[in-house]
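Input: a single structure, listed below in structure tokens.
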Amino acid sequence: MHLARGTLYNILRPQRFLEVIGQDNTVKSIQMALSKGVLEHALIFYGQTGGGKTTLARIVQLNL
Ligand SMILES: Nc1ncnc2c1ncn2[C@@H]1O[C@H](COP(=O)(O)OP(=O)(O)OP(=O)(O)O)[C@@H](O)[C@H]1O
Ligand SMILES: [Mg+2]
């Protein structure tokens, strides 16, 4: 386990699009935009708490 990466909460957070459960339309849209190099300069995630907004934002950051 990579404790240098921070808290257990963040260590267990999905690190790849593949690991995100559900949110298929959002994940597909972002992956398509990334692969074509046309990702918008800002993204707004909305939805219920614990649905994966912060998780997806972090994964996007890892894939820029
Ligand atoms: N779609 C998902 N697939 C896999 N794991 C998820 C998903 N959504 C949430 N999780 C897990 O739940 C935890 C909380 O998710 P996250 O912090 O991304 O939620 P959030 O939408 O940002 O919530 P909040 O509105 O409270 O900020 C994450 O650490 C992650 O492990
Ligand atoms: Mg959040």
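For this structure, a couple of remarks:
- Condition met for Ile30 (part of a loop (DSSP other than H, G, I, E, B), modelled with pLDDT of 95 or more and among the aliphatic types (A, V, I, L, M)): no
- Residue count for region 5-28, restricted to those that are of a type in the set (S, T, N, Q), farther than 14 Å from Gln61 by Cα and either surrounded by 14 or more Cβ atoms within 10 Å (Cβ to Cβ) or in contact (Cβ under 8 Å) with a residue 24 or more places away in the chain (or both): 2.
- Of the set (1) surrounded by 10 or more Cβ atoms within 10 Å (Cβ to Cβ); (2) within 14 Å of ligand 2 (Cβ to nearest atom), all apply to Tyr46 but (1).
- No other residue among Leu34, Leu62 is more than 12 Å from ligand 2 (Cβ to nearest atom) and in contact (Cβ under 8 Å) with a residue 40 or more places away in the chain apart from Leu62.
The values are calculated or read from the model by the stated rules, or taken from the named source; none is laboratory data. Treat the numbers as computed from the prediction; the structure is a model and nothing was measured. Neighbour counts run over all protein chains shown; Cβ positions are idealised from the backbone, glycine included.
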